[in-house]
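Chemist: Got a structure for you, written out below as structure tokens; questions coming shortly.
The values are calculated or read from the model by the stated rules, or taken from the named source; none is laboratory data. Because the structure is a prediction, the values reported are computed rather than measured. All Cβ positions, even for glycine, are placed from backbone atoms using ideal geometry, and neighbour counts span all protein chains on display. For accessibility, only protein heavy atoms count, side chains too; no ligands or nucleic acids. Shrake-Rupley method; radii C 1.70, N 1.55, O 1.52, S 1.80 Å.
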Amino acid sequence: MLETQIDKKLWNSIKKNYESRSFSESIIDAIYFLSNLIRDKTGLESDGAALIGQAFGGAQPLIKVNALQTESEINVQKGLEQILRGIYQAIRNPRSHDRFEDSQKEADAIITFIDYLRSVIDHSKTQFSEVEFMNRVFDSNFVPNNRYAELLVEEIPKRKRLNFAIEVYKKKETGDGKKLGVFIHAILKQFSEEEATQFFTVISDELSTVTEEKIIRLNLQIVPFEMWHRIREISRIRIENTLMESMTDGKYSINLNRCKGGSLASWVAWGKIKYFTFIEDVIGILVKKLESTDRTEVEYVLRYFWDDIIENIELPNYSFYRILKQRLKDGDKKIYIKLEDLFIWDPEETEFYKAIKEEYEGFQEKEESQELDIDDDDLPF
């Protein structure tokens, strides 16, 4: 029986027509299977003679059936290309355009030969090697700029890009988050809407349960924040809440020159929090920290999130005005400098300027109380 003599996947592709004795249709099914095999291996989208020429022809064919080093090997490559062209021209095309009544014997002979061609292609090599490309993406010399990443993506067959991107994402813990972010951003630009949805589904599934800060941080580096909304809402809100909790704990020590709390949230500083689902809650946390008597909390906001507050806060915000006015009365020079930089571009007639004008124009610097140079990690309790 033919079923036991050919590849199982090929049999499944022809089974329906073959068992119903539509032998000509089963031959067409087998050639369709062969075409898809070549497309999957190369990433090409063409068909027929054009597909064969692009896949097997030229000095550097996409599919190599041997090393192409001797004249004999080159002839084998060319011969296989010609045989495959003949399969389309002499077998598929006539049966697609005219009525044929192939016998079971004829179908068995043709399909068995197609199975032989299938085995040759299965064991051939392609220019694209997932292992090789994976090494190039995770290469320590990967150039973290958009053009380099775009050129790398162009070398990945179109049909393989989604699965390759998913594999890169799964291996992210072994790579550099910044570099992986550049690569993922480049490959996302080449996705169809459906492919992008599938990719973000993978991310959403992980973010629905992940608790390790390292994994969350890598996701924040990898996911382009202008696409943050594509993550499933329940996963997105969960991670945003984790970041808001980190932000609430945020402290920055000038003396130690590092975060003493809230380091995870610092990864969404400088323009990313505007994509949060509940941006008003985020601004509320940050504004409240400006009022803290703990100077490290104020420094945390000034270092990471001042511009985000100014960009996203809805004015008039009387709580914000009140805190700024008090800080100016207290002689807080850093707040004054932040406002000074802002008002270079903000005309004096704005409501914001008017709300704090008296305290701003009457500002007098006062000496800051010294932050105790104590590292929490050194405390014995």
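Chemist: Please list, ordered by first then second residue, the pairs with beta carbon atoms under 6 Å, 6 or more apart or interchain, first in segment 138-160 and under 14 Å from Phe128 (Cα atoms), second in a helix (DSSP H, G or I) and not acidic (Asp, Glu).
Modeler: Cβ pairs passing all conditions: Val153/Ala186; Val153/Ile187; Ile156/Phe164; Pro157/Thr42.
Chemist: Go through segment 160-180 and give me each residue that's assigned to a helix (DSSP H, G or I) and open to solvent by 10 Å² or more (accessible area, probe 1.4 Å).
Modeler: The answer is Lys160, Arg161, Leu162, Asn163, Ile166, Glu167, Lys170, Glu173, Thr174, Lys178, Lys179.
Chemist: Can you tell me how many residues in segment 183-209 are of a type in the set (A, V, I, L, M) and in contact (Cβ under 8 Å) with a residue 40 or more places away in the chain?
Modeler: Adding up the residues that qualify gives 2.
Chemist: Something else now. May I ask you to list the residues in segment 234-247 that are surrounded by fewer than 20 Cβ atoms within 10 Å (Cβ to Cβ), within 23 Å of Lys170 (Cβ to Cβ) and among the charged types (D, E, K, R)?
Modeler: Selection gives Arg238 alone.
Chemist: Are there any pairs with C-beta distances below 9 angstrom linking a residue in segment 330-344 that is on the phi > 0 side of the Ramachandran plot to a residue that is among the basic types (Lys, Arg) and surrounded by fewer than 12 Cβ atoms within 10 Å (Cβ to Cβ), with the two at least 6 apart or on different chains, and if so which?
Modeler: Gly331/Lys366
Chemist: Answer yes or no as to whether Leu62 is under 17 Å from His123 (Cα atoms) and either open to solvent by 40 Å² or more (accessible area, probe 1.4 Å) or of a type in the set (A, V, I, L, M) (or both).
Modeler: Considered against the rule, which asks whether it is under 17 Å from His123 (Cα atoms) and either open to solvent by 40 Å² or more (accessible area, probe 1.4 Å) or of a type in the set (A, V, I, L, M) (or both), Leu62 comes out as yes.
Chemist: Going residue by residue through segment 262-278, is there one that turns out to be farther than 27 Å from Lys189 by Cα, in contact with a helix residue (DSSP H, G or I) (Cβ under 8 Å, 6 or more places away or on another chain), among the polar types (S, T, N, Q) and in a helix (DSSP H, G or I)?
Modeler: No - not one qualifying residue is present in segment 262-278.
Chemist: Can you find even one residue in segment 11-25 that is modelled with pLDDT under 95, assigned to a helix (DSSP H, G or I) and either open to solvent by 30 Å² or more (accessible area, probe 1.4 Å) or of a type in the set (Lys, Arg) (or both)?
Modeler: No: segment 11-25 contains no residue that is modelled with pLDDT under 95, assigned to a helix (DSSP H, G or I) and either open to solvent by 30 Å² or more (accessible area, probe 1.4 Å) or of a type in the set (Lys, Arg) (or both).
Chemist: I need a count of the residues in segment 120-143 that are within 16 Å of Gly175 (Cβ to Cβ), in a loop (DSSP other than H, G, I, E, B) and open to solvent by less than 50 Å² (accessible area, probe 1.4 Å).
Modeler: Within segment 120-143, residues that are within 16 Å of Gly175 (Cβ to Cβ), in a loop (DSSP other than H, G, I, E, B) and open to solvent by less than 50 Å² (accessible area, probe 1.4 Å) number 1.
Chemist: So which residues in segment 248-265 are closer than 19 Å to Ile283 by Cβ, of a type in the set (Gly, Ala, Ser) and open to solvent by 20 Å² or more (accessible area, probe 1.4 Å)?
Modeler: Selection gives nothing.
Chemist: Specify which of the listed residues (Asp341, Asp249, Asp307, Asp281) is more than 28 Å from Leu220 (Cα to Cα) and either at pLDDT 95 or above or of a type in the set (D, E, K, R) (or both).
Modeler: Asp341
Chemist: Hey, another quick one. For segment 200-211, check the following and say yes or no: at least one residue is part of a helix (DSSP H, G or I), touching a helix residue (DSSP H, G or I) at 6+ places or on another chain (Cβ under 8 Å) and among the polar types (S, T, N, Q).
Modeler: Yes, that holds for at least one residue.
Chemist: Suppose we filter Asp40, Asp47 for residues that are modelled with pLDDT under 90, surrounded by fewer than 20 Cβ atoms within 10 Å (Cβ to Cβ) and not small (Gly, Ala, Ser); which single one remains?
Modeler: When all the criteria are applied, what remains is Asp40.
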